[in-house]
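Undergrad: Could you have a look at this structure, given as structure tokens, before my questions?
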Amino acid sequence: MKNIKLKMARVEKDLTQEELADKVGVTRQTIGMIEAGNYNPTLNLCIAICKALDKTLDDLFWAEDQPEIK
Amino acid sequence: MEYSMQSSKVDPQIDERIESLTNKYASNAFTFMCYYIGISIVVKGFTLDVNMLIYWDNAIVLALAVIYMIYRSADEGAHVTPTTLNPLNWKLIKGTLFVGLIFGLFVTFFVSGMEERWDSFFSTIPIKIAGAAVIGVLFSAVFMFLVWLFDVIPNKRALRKASELTGEPEAELPDDEELIKQSHIKDERIESINDKYAAHGLYALLAYIPLSTMAKWFIPDVPIYAYYDAFLALMAACGYYTWKVIREGVVGDTPEKNKSSVRAKVSQLLSFLAFGFFMSFLVFPMDEGMAATLDSFTSRFTLGIAMAVLFGVGFHLLMNFMDRLARKRAEKLSDSDQ
């Protein structure tokens, strides 16, 4: 599931994927894969991204239709 | 991965996605090596007429790597699919005695007939049955020792460590019957810790098996087929690992324009060149067949330079090719704005 909220928050801050990746210390592709929904980041990385974008975890990573983990 | 509340940065040297994926596939490759070496030791023991010591070293290194993986995981409070926490699990003892007895009967009635001295030893039916019983007891004892070493101690240690790390009282695992039915752990914390140390196990094999294969190559009168298979299996495991990490867009996924990435490429090229030169200048002349043609310093030096260029540049180009493939794959998987 694509993370549109993250992409919008990044664009609002006028940051490229590479700039955000530099800020949080990962590769550009990792940010791209989080936005594409192909990678689930750890809580540490989620918090680092939220801090870099001045957002909360709820703002960027809470999904109402998240499938239940079994 | 270190995370500081003062800074929004995580450790810039480690990308958690790359780390977790490489660990996961290295762990799969390590599991394959465990099965392969375990089965091949048994098969060779029954089929090859060679000294077992020639290839047991791989199994010993592998067992040490498995022990390292299990105990390091336990130190971080992660258990590895436990079978039992009871060293005197009577149900397990009865089961292993039964399997051991069947195995013993197979050995004394069928396998011993293949070798003359064993055939003459197990000459009568009562001796065959008594031998099978002894083999059954030994089998059960060895199995229970392995359960104690790989299950009971590390899992109790994992429970104790987890309790220390959380400050909570020790958690209770399900009872033995439920544990035996349980086949796979689905806890992401435990999986990631296990993968990390299994990856270390694979790296240990990567360091050991090529060296031991090379060393055995120069031992006279040792048949190459008896030990070369472990090296080939390792190469197959590495092939799987490489293919999977390229598919996941991991190889060469370091930040572009990064100085350390350029340094890494230069040191990679230099190490390939040095390895090519070392092999052809120093190691090949030790082989009897090649020593005849490499009798002078000039011929050895020329071959050394030629191999260094061929091997060094060839591998460097191959690595760059894989790097490009992985980058393409990463772009495909990501919602890229580049």
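Undergrad: At a probe radius of 1.4 Å, figure out the A/B buried accessible area, summed over both chains, and give it in Å² to the nearest 100.
TA: The summed interface area works out to 2400 Å².
Undergrad: Quick check: residue separation of B:ASN51 and B:ILE125 times 0.36 nm, minus the Cα distance between them. What number comes out in nm?
TA: The B:ASN51-B:ILE125 span can extend by a further 23.7 nm.
Undergrad: Follow-up. Expected output is a single nm value to one decimal: the length gained when fully extending between B:PHE110 and B:ILE93, i.e. 0.36 nm times separation in residues minus the C-alpha distance. What is it?
TA: Going from the current span to full extension adds 3.6 nm.
Undergrad: Oh, and also: Give the distance, in whole Å, between the Cα centre of segment A:4-70 and the Cα centre of segment B:61-80.
TA: 34
Undergrad: OK, next. State to the nearest 20 debye the size of the charge dipole of segment A:4-61 about its Cα centre, where the only charges are +1 on K and R beta carbons and -1 on D and E beta carbons.
TA: Roughly 80 debye for segment A:4-61.
Undergrad: Largest first, what is the accessible-area ranking of B:THR298, A:THR30 with a 1.4 Å probe?
TA: So, going from the largest accessible area down, we get B:THR298, A:THR30.
Undergrad: Could you tell me which of the pairs A:LYS23/B:LYS196; B:LYS161/B:LYS328; A:LYS13/B:LYS161; B:LYS196/B:LYS265; A:LYS13/B:LYS332 are separated by over 32 angstrom between their Cα atoms in the structure shown?
TA: Too far apart for the 32 Å limit: B:LYS161/B:LYS328; A:LYS13/B:LYS161.
Undergrad: Viscosity 1.002 mPa s, temperature 20 °C: what is the translational diffusion coefficient of segment B:38-174 from Stokes-Einstein with a Kirkwood Rh over Cα pairs, rounded to a whole number of µm²/s?
TA: Stokes-Einstein gives a translational diffusion coefficient of 123 µm²/s.
Undergrad: While we're on this one: Please sort A:34-42, A:2-10 by packing, taking for each peptide the average over its residues of neighbouring beta carbons within 10 angstrom, highest first.
TA: Listed from highest to lowest mean packing, they are A:34-42, A:2-10.
Undergrad: Hey, another quick one. Over every pair of different alpha-carbon atoms in segment A:4-61, take the mean of 1/r and invert it; report that Kirkwood radius in Å.
TA: 11.0
Undergrad: Can you give me the % of accessible surface on segment A:4-61 that is carbon or sulfur? Probe 1.4 Å, all protein chains present, nothing else counted.
TA: 51
Undergrad: Something else about it: Suppose all protein chains stay in the model; what accessible area per residue would a 1.4 Å probe give for chain A, in Å²?
TA: Each residue of chain A exposes 57 Å² on average to a 1.4 Å probe.
The values are calculated or read from the model by the stated rules, or taken from the named source; none is laboratory data. Worth saying up front: this structure is predicted, and the values here are computed from it rather than measured. No Cβ is skipped: glycine too gets one built from the backbone with ideal geometry, and neighbour counts run over all protein chains shown. The area values use the complete protein model at the heavy-atom level, side chains included, leaving out ligands, DNA and RNA. Shrake-Rupley method; radii C 1.70, N 1.55, O 1.52, S 1.80 Å.
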